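Derivation of every value follows stated rules applied to the coordinates shown; laboratory data play no part. Just so it is clear, the model here is predicted, and its values are computed rather than measured. We place every Cβ from the backbone using ideal geometry, glycine too, and count neighbours over all the protein chains shown.
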Amino acid sequence: MQLGDLIACWGQPRGGVVPVDPSAELGPICTDSRQLAAGQLFVPLVGERFDGHAFLEQAAAIGAQAAVVQRERAADVPAALLHWLVDDTVDAYQQLALLHRRQLRQPIIAVTGSAGKTTTRELIRSALAPLGSVLASSGNENNDIGVPLTLLKADPGHGAVVVEMGMRGLGEIDRLSRTAEPDVAVITNIGTAHIGRLGSRAAIAQAKCEITSALKPDGLVVIPAGDPLLDQALAQVWSGRICRVALSDEDGADQADLLGVLLPDADQLRVGGAAYSLPLDGRHNARNFLLALAVAFELKLPAAELTRLEVSVPGGRNRRLQQGGLTILDETYNASPEAVLAALDLLAMQPGRRFAVLGTMLELGDQSVALHRAVAERAAAHALDGLVVVSSGAEAEAMAEAAAGLPRLVVVQHPEDAAKPLGEWLVSGDVLLLKASRGVALERLIPLLPELLPAL
């Protein structure tokens, strides 16, 4: 990207001590004053607790190439610092990412959904590895700041870019789609995460389908089959190509463009004439794997290169730990009702005695009590050997009532409080599921388990 690209976008810059050469290459873009170096373009972002404009003098002293500044802070810019005035620096940051994206030639894949976004992102990253180094969002880089950050890291050496898109309300994914202009869009599912903010699954479907806002006209949307609500919402905004995936025994299998058959040993999936080793456990991850295969097939990757994928997911997701004779299914990173139900189904498939620690699921609004009751009912239906509920108030009461038939049931308010009953219950060979929303910090329980189970 050249300075002339910014001039075309925002007009002639102000300040500086020499005439601007439009053909000059734009330096690396930096939003963090602590990491700013000479020759970089400084974009001072503004948040609830910070304002990067406080470091404009520092940027000039370091030798920043230029800066992008909000108009109301024009008086704070040192005279020698070349700069553009914009209405909003976050919006400008996204415009910079879009300008960079339009110079990329590799495919951009965008992923959203109520659950499984990160896991599906990593499955797609692995499936596209034959294209070369695949850049993907890391951590929580799925918002107004994280998506442009990921795009700006892309260079011609990458074989593909996989961008995760999250949201807390309507309009957010629309902005992210217009920043990334994806070639392929993947919606993992429409669940009840954030239903407390959006009010209904229909509104959630509408928000997730915003991923098509700037999808290339000849692009592809990949979705699970069998969800009329998703189909209806998608039809309102997208008239292009759609690939629907399903497992053969699911509702909607007859509508699927890509159908997977779980083989009897449950660690392989047959699609067409090829058998694929499942890189992650659980039916829900088999479906996520189908979404990744659909993307790979769209990009013309041969089935033979996809039969054995190695996938690494961030901590607290799909992680299986061994502590002595105890198996821990670590799902502590976050939780929506659909994700908890899927995790309980996975737990039910494990050999031996099965226990769970389930914590509060946040942002469920007036449906919170009913949804907490539903996950406890699933735990009871699977006849778990024990359940610790980490919650309080009406949600805790509903879960305790729904799971009252289990042989071991305790309600506590803090993750550390679950250690005592678990220490009394667990023996070698048991399997323990840990699942809760991020705000519960259920991972604090994991370091306590070895002390409770020294003999395992």
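Results, tabulated for the structure shown:
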| item | result |
| --- | --- |
| Residue-averaged [θ]222 nm for the chain, counting only DSSP H segments that reach four residues, each worth -39500 (n - 2.57) | -8500 deg cm²/dmol |
| In Hz, Karplus ³J(HN,Hα) per residue of the range 172-183 (6.51, -1.76, 1.60; θ = phi - 60°; x = Gly, Pro) | 6, 5, 4, 4, 5, 5, 5, 7, 9, 6, x, 8 |
| Hydrodynamic radius by Kirkwood, which averages 1/r over all alpha carbon pairs of the range 104-305, in angstrom | 16.8 Å |
| Distance histogram for the range 319-452 (every C-alpha pair counted, 10 angstrom bins, percent rounded to whole numbers) | 14, 51, 32, 3, 0 |
| ³J(HN,Hα) computed for each position of the range 296-304 - Karplus, 6.51 cos²θ - 1.76 cosθ + 1.60, integer Hz, glycine/proline x | 4, 5, 4, 8, 6, 7, x, 4, 4 |
| Under-5 Å amide H pairs with residue 362, H placed in peptide plane, nonlocal only | 437 |
| Whole-angstrom gap from the range 82-107 to the range 1-47, using each part's C-alpha centre | 11 Å |
| The range 3-86 - Rg over Rh from alpha carbon coordinates, Kirkwood radius | 0.93 |
| With Cα atoms, 0 to 90° folded angle of helix 337-348 axis to the chain main axis | 40 degrees |
| Only Lys, Arg (+1) and Asp, Glu (-1) charged, at Cβ; the range 3-86 dipole about Cα centre in debye | 100 debye |
| The range 371-456 - charge dipole about Cα centre, Lys and Arg +1 at Cβ, Asp and Glu -1, debye rounded to 20 | 180 debye |
| For residue 242, distant residues with modelled amide H under 5 Å away | 221 |
| Dipole magnitude of the chain about its Cα centre (Cβ charges: Lys, Arg +1; Asp, Glu -1), debye to nearest 20 | 440 debye |
| Among the listed pairs 117/153; 216/435; 300/435; 117/300, those beyond 27 Å (Cα-Cα) | 216/435; 300/435 |
| Positive-end extreme of charge dipole, the range 353-456 - chosen from 414, 386, 398 (charges on Cβ) | 386 |
| Leading residue at positive end of dipole, the chain (Cβ point charges), from 100, 149, 74 | 100 |
| Three semi-axes of the equivalent ellipsoid, the range 1-155, Cα gyration tensor, whole Å, largest first | 31, 18, 13 |
| Value of relative contact order over the range 3-86, rounded to a whole percent, pairs C-alpha under 8 Å and six or more apart | 32 percent |
| Cα Rg, Dmax, the chain, angstrom units | 24.5, 78 |
| Amide proton proximity set for residue 29, modelled H, under 5 Å, gap of 5+ | 41 |
| Average Cα contact separation per residue, the chain, under 8 Å, 6 or more apart, as relative contact order % | 11 percent |
| J(HN,Hα) series, the range 36-46, from Karplus relation 6.51 cos²θ - 1.76 cosθ + 1.60, nearest Hz, glycine and proline x | 5, 10, 4, x, 9, 8, 9, 10, x, 8, 10 |
